[in-house]
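Trainee: Sharing a structure, written as structure tokens. Questions coming.
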Amino acid sequence: MIIRKYIVNDMKEAITRAKYELGPEAIIVSQRPIRVRKWYNLIGKKMVEATFAMEDRPIEKESAPTQPKITLPVANTQKQPEEKEDGILLDLESDILYQFAGDQTKKRLDSYLKLHNKEGGRLNSKERREFFNIVLKGSPFDNKIETRRVNILVGPTGVGKTTTIAKLAANQQLGYGKRVGLITMDTYRIGAVEQLKTYANILGVPFQVVNKAEDMTEKLESLKDCDMVLIDTLGTSPRDMQKLVEIKKNLNAINEPSTTYLVTSMSTDRDILDSILERYKMLRYDAMVITKVDEAENTRNLWHLIENISVPIHYFCHGQDVPEDIKEATSDNLFNYFEENYNNDRSGWKIKNNG
């Protein structure tokens with residue numbers, strides 16, 4: 001893989017130079033704002049440091065899906081946005097927590113308003129964040145489990161398991177310097193193997209395919225030097241018990257401690273979501289990943305999960321870009337995302353219309 005770094009005035013200049021020097025197949029690996037200081041200018045000029053990469057051998061167009069965009073994740077030390085001091089009207093009949101949450105959360109909101117003499121329903125951004133943290137304390141967003149070397153993603157078709165694996169792999173490798181290996185057991189879906197293989201080629205990580213349970217031990221052994229192994233599984237309807245049994249058989253062949261993540265979409269119908277949570281229990285999932293947060297019309301399903309599941313929620317995904325559109329499931333990250341991307345109206349937090 002050819003990697004080249006540019007310090008430029010803006011991303012348009014970086015892309016132009018990368019395409020000219022590396023070719024049209026060049027992809028973005030990272031971008032971050034920097035200040036270039038001179039002896040006569042100690043403050044420094046604002047510029048952009050952009051890193052691009054290109055495969056040293058092209059991927060065949062017939063089998064490779066569209067090249068994914070890869071961007072280095074922003075460090076957790078990023079400064080929090082300034083709090084807004086202006087008041088935000090909190091109408092108890094329309095507020096997201098009061099309208100979509102259960103009785104316990106509504107009682108907490110009533111108590112919080114009385115404690116801060118806010119019976120009129122006016123909270124500023126700082127107060128909203130404080131209450132948000134109170135509500136999520138002890139919830140699936142607050143609880144976490146230890147990450148193991150082997151991590152498996154299970155869930156229905158179309159929730160974004162393969163893209164989520166690519167995000168996690170890029171995050172761990174580019175952000176934390178870990179050696180990552182990828183395995184897929186999804187040999188049914190057309191293009192599934194090629195899709196994950198493409199991500200593996202771009203990241204330069206080893207990739208294995210497991211066709212049957214008997215192959216699992218051998219494939220894991222081939223990745224023994226990896227700090228983390230991420231396993232993609234067949235997506236299936238919660239009603240297809242035969243395929244769920246087949247997935248379980250493959251997972252039982254893993255001969256070392258592992259963590260299983262159930263991946264669900266926030267835009268899934270409530271009844272189907274409950275069915276997924278129940279039927280996938282046979283795979284003994286340890287934690288959850290919520291995807292397609294950006295596609296949901298409101299956060300009703302999120303509060304349903306928070307109040308009705310006992311396993312931790314580790315990540316939430318909000319787009320297709322790898323790996324920037326994934327965040328650790330913390331109350332601060334969730335609150336910041338909602339404040340930046342949603343309007344608080346009579347349907348709860350709804351996606352802003354940026355058009």
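The values are calculated or read from the model by the stated rules, or taken from the named source; none is laboratory data. Everything quoted here is computed from the prediction, not taken from an experiment. Glycine also receives a Cβ, built like all others from the backbone with ideal geometry; neighbour counts cover every protein chain displayed. Keep in mind that these areas ignore ligands, DNA and RNA; they rest on the heavy atoms of the full protein, side chains included. Shrake-Rupley method; radii C 1.70, N 1.55, O 1.52, S 1.80 Å.
Trainee: Which is of a type in the set (A, V, I, L, M) and over 30 Å from W303 (Cβ atoms), of V289, V245? Quick ask: steps written out before the conclusion?
Mentor: Details: V289 fails: over 30 Å from W303 (Cβ atoms).
Criteria check complete, one pass: V245.
Trainee: Related question: Find the residue count for region 35-65, including only residues that are at pLDDT 80 or above and farther than 21 Å from A169 by Cα.
Mentor: Looking only at that region, the number is 3.
Trainee: Considering only residues of region 280-327 that are among the charged types (D, E, K, R) and closer than 17 Å to I152 by Cα, which is least open to solvent (accessible area, probe 1.4 Å)?
Mentor: Among those residues, the one meeting the criterion is D286.
Trainee: Filter region 115-139 for residues that are basic (K, R) and open to solvent by 70 Å² or more (accessible area, probe 1.4 Å); which is modelled with the lowest pLDDT? Outline the logic, then answer.
Mentor: Step one: list which residues in region 115-139 are basic (K, R), which gives 118, 122, 126, 128-129, 137.
Now drop any that are not open to solvent by 70 Å² or more (accessible area, probe 1.4 Å), which leaves 122, 126, 137.
Details: R122: 59, K126: 77, K137: 78.
The extreme case among them is R122.
Trainee: Restricting attention to region 249-279, report how many residues are open to solvent by less than 70 Å² (accessible area, probe 1.4 Å), under 21 Å from K212 (Cβ atoms) and either assigned to a strand (DSSP E or B) or not acidic (D, E) (or both). Talk me through it step by step, then tell me what you get.
Mentor: Filtering region 249-279 down to residues open to solvent by less than 70 Å² (accessible area, probe 1.4 Å) leaves 250-251, 253-254, 256, 258-268, 273-277.
With under 21 Å from K212 (Cβ atoms) added as a condition, the list becomes 250-251, 253-254, 256, 258, 260.
Keeping just the survivors that are either assigned to a strand (DSSP E or B) or not acidic (D, E) (or both) gives 250-251, 253-254, 258, 260.
Residues meeting the conditions: 6.
Trainee: Condition first: under 16 Å from D286 (Cα atoms) and surrounded by fewer than 19 Cβ atoms within 10 Å (Cβ to Cβ). Now tell me which residues in region 144-184 satisfy that.
Mentor: K144, I145, E146, T147, R148, R149
Trainee: Give me a count of the residues in region 328-337 that are open to solvent by 10 Å² or more (accessible area, probe 1.4 Å) and in contact with a helix residue (DSSP H, G or I) (Cβ under 6 Å, 6 or more places away or on another chain).
Mentor: If we filter region 328-337 for residues that are open to solvent by 10 Å² or more (accessible area, probe 1.4 Å), which is where we start, we get 328, 330-333, 336-337.
Now narrow it down to the ones that are in contact with a helix residue (DSSP H, G or I) (Cβ under 6 Å, 6 or more places away or on another chain): 331.
Going through region 328-337 one residue at a time, the tally reaches 1.
Trainee: If I filter region 189-234 down to residues being among the acidic types (D, E) and either within 19 Å of the chain's Cα centre (by Cα) or within 20 Å of G177 (Cα to Cα) (or both), which single residue comes out as least open to solvent (accessible area, probe 1.4 Å)?
Mentor: Narrowing region 189-234 to residues among the acidic types (D, E): 194, 214-215, 218, 221, 225, 227, 232.
Within this subset, residues satisfying the condition of being either within 19 Å of the chain's Cα centre (by Cα) or within 20 Å of G177 (Cα to Cα) (or both) are 225, 227, 232.
Details: D225: 106, D227: 66, D232: 1 Å².
Ranking the candidates gives D232 first.
Trainee: If the Cβ limit is 6 Å and pairs must be 6+ apart or interchain, which residue in region 319-340 that is more than 13 Å from T291 (Cα to Cα) pairs with which residue that is open to solvent by 50 Å² or more (accessible area, probe 1.4 Å)?
Mentor: That search, which allows pairs on different chains as well, returns S331/N133; N333/K327.
Trainee: Pairs under 9 Å by beta carbon, first residue farther than 30 Å from A200 by Cβ in region 1-16, partner open to solvent by 90 Å² or more (accessible area, probe 1.4 Å), six or more apart or different chains?
Mentor: N9/K45; N9/K46
Trainee: Does I183 satisfy the criteria of being without any contact (Cβ under 8 Å) to a residue 40 or more places away in the chain and of a type in the set (A, V, I, L, M)? Reasoning before the result, please.
Mentor: Details: without any contact (Cβ under 8 Å) to a residue 40 or more places away in the chain: no; of a type in the set (A, V, I, L, M): yes.
Criteria not met by I183.
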